[in-house]
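Take a look at the structure below.
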Amino acid sequence: MTNPLSKKSKAWSARFSEPVSETVQKYTASVAFDKKLATYDIQASIAHAEMLQHKKIISSNDYKKIKNGLLKIKLEIEKEKFNWSIALEDVHLNIENRLIEIIGDAGKKLHTGRSRNDQIATDLRLYLRDEIDAIRLKLSFLRIEFIKKAEAHSNTVMPGFTHLQVAQPINFAHHLLAYESMFSRDDERLADARKRVNRMPLGSAAMAGTSFPIDRMRVAKTLNFDSLCENSLDAVSDRDFVIEVTSSLAIVMIHFSRLSEEIILWMSNNFNFITLSDKFCTGSSIMPQKKNPDVPELARGKSGRVIGSLVTLLTLMKSQPLAYNKDNQEDKEPLFDAVETVNNTLTIFIELIENMEPNTEEMRSAASKGYPTATDLADYLVKKNIPFREAHELVSKIVNYAIKSNLTLIEIPLTKLQKFSTLIQKDVYKFLELNGSINSRNHIGGTAKGQIHKQIKKIHKNILKTIHEIKRQKT
Ligand code: ARG
């Protein structure tokens, strides 16, 4: 029986006495997913061909034909008129085959001095460089939403938790800026990973380099790479940069999962700390009273996917001998999925944070329960020269008394407080009050309103600098 898939002969099939079976073709083909890299493949091919003609390895006439042919193919792909074929295995052979179809013999010269092994490593790096920039830009927009919301709520009291138990009163803004800190580290990590992404493997050919007098620096310059991968064996087999970026993306999703978890808790009736606009929620088909936080729940779930991608990639590389192995074809789907998931999650959370409003009364009332200013009372006594451990013990007794008498700390009369320590004076109440407690934590990193404003200014400057840097790098 003839195999309809093997009608097109592969670039490497001349030595083979029979065509590859259909099942093998299907199993080994990557075009279904690596066609995503087509424009990068074309960009790198044009740069390679330009260098070949500059070094007189091919004629300038052939180069012109190659370039025009590749640009034509690019248009066909953009207009979705390109006929992708599984029989041609991957993005590289599909494009090369079409080039030969269009321009004839000149097209057969493009592959001089290179291999699909350095080609795919180059395409992946070009792709990731763009995706890192796009994700960093979105991270900046998300961080802007956090500081906008924080600015609006630098006077909104909420309970701060440890062990999910009310601990100390804080500014809602302070809580929001904690997430901004996480996402700003994500940005730093991606910016750092980009340095190692932006090195060029092209010129390593299959693994040992090439006997043609190529000029790798020229190609790197055309493609805007910072430098070259300096060992050809490592260059074709290295996927550290894929792992590094995916690991940074997994951490981004860990942050989203933490934020999502809090939003889900805050939206529950028991907390009722925030209201999320209806467009981010769905109802239940059976329980009419329900408003479900689908978006944060999905983001929490999707964090598992990206962590899964990271584990896949680590496992893929573990114990791989040098140099290129076909195993590496398996790097694309987890990487693409991680990039896409983070991209989509960022897009939706930029809008979500903008549409999230705190229920300030509920938050304040939750903050006043659970004796959150007990530490402030202990600090007050320490300032009166009582050693901290003794102060801690004294305040424990006062809290016990308050619980028994069903009073908050601020409701205990001064005469009663003085029974525990005569050092307690009238001024104590301003430390027991929620805003007083918050604004007393007035140092770098503290929750006082003044610090929040300083912090917002600093972050704002940093975000503008980051956006400027990303735009400047953009190729
Ligand atoms: N599709 C391959 C990949 O994704 C491209 C490199 C193939 N090289 C080879 N010698 N089969 O890794």
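The values are calculated or read from the model by the stated rules, or taken from the named source; none is laboratory data. A quick note: this is a predicted structure, and the numbers were derived from the prediction, not measured. Cβ sites come from the backbone with ideal geometry, for glycine too, and all protein chains shown count toward neighbours.
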Practice item. With respect to Leu93, determine if the residue is within 11 Å of the ligand (Cβ to nearest atom), of a type in the set (A, V, I, L, M) and in contact with a helix residue (DSSP H, G or I) (Cβ under 6 Å, 6 or more places away or on another chain). Key: no
Revision key, fill the gap. Subset of segment 14-29, residues of a type in the set (Gly, Ala, Ser) and either modelled with pLDDT under 85 or in contact with a Cys (Cβ under 9 Å, 6 or more places away or on another chain) (or both), comes to Ala14, Ser17
Check your understanding: modelled with pLDDT of 95 or more, closer than 22 Å to Met182 by Cα and surrounded by 11 or more Cβ atoms within 10 Å (Cβ to Cβ), is that true of Gln451?
Key -> yes
Check your understanding: If we scan segment 185-195, do we find a residue that is within 30 Å of Val91 (Cα to Cα) and within 16 Å of the ligand (Cβ to nearest atom)?
Key -> no
Point to revise | Every residue from segment 196-208 that is among the hydrophobic types (A, V, I, L, M, F, W, C) and either within 16 Å of the ligand (Cβ to nearest atom) or touching a Pro at 6+ places or on another chain (Cβ under 8 Å) (or both) | key: Leu202, Ala205, Ala206, Met207, Ala208
Exercise for review: Go through (1) out of contact with any helix residue (DSSP H, G or I) (no Cβ under 7 Å at 6 or more places or on another chain); (2) within 16 Å of the ligand (Cβ to nearest atom) and name the single condition Phe336 misses.
Suggested key: (1)
Exercise for review: Only one of these is surrounded by fewer than 21 Cβ atoms within 10 Å (Cβ to Cβ) and either free of Cβ contacts under 8 Å to residues at least 40 places away in the same chain or under 23 Å from Pro334 (Cα atoms) (or both): Lys72, Lys55. Name it.
Suggested key: Lys72
Practice item. Have a look at Met158, Met217, Met182 and point out the one that is in contact with a His (Cβ under 7 Å, 6 or more places away or on another chain) and assigned to a helix (DSSP H, G or I). Key: Met182
Study note, to complete from the structure: If you go through Ser115, Ser181, Ser211, the only one that is among the hydroxyl-bearing types (Ser, Thr, Tyr), within 30 Å of Gln53 (Cα to Cα), out of contact with any Ser or Thr (no Cβ under 6 Å at 6 or more places or on another chain) and away from the ligand (no atom under 16 Å from the Cβ) is Ser211
Review point. How do the pairs read when you match residues in segment 294-314 that are buried (at least 24 other Cβ atoms within 10 Å of the Cβ) and modelled with pLDDT under 95 with residues anywhere that are of a type outside the set (A, V, I, L, M, F, W, C) and part of a helix (DSSP H, G or I), using Cβ under 9 Å and keeping only pairs 6 or more apart or on different chains?
Key: none
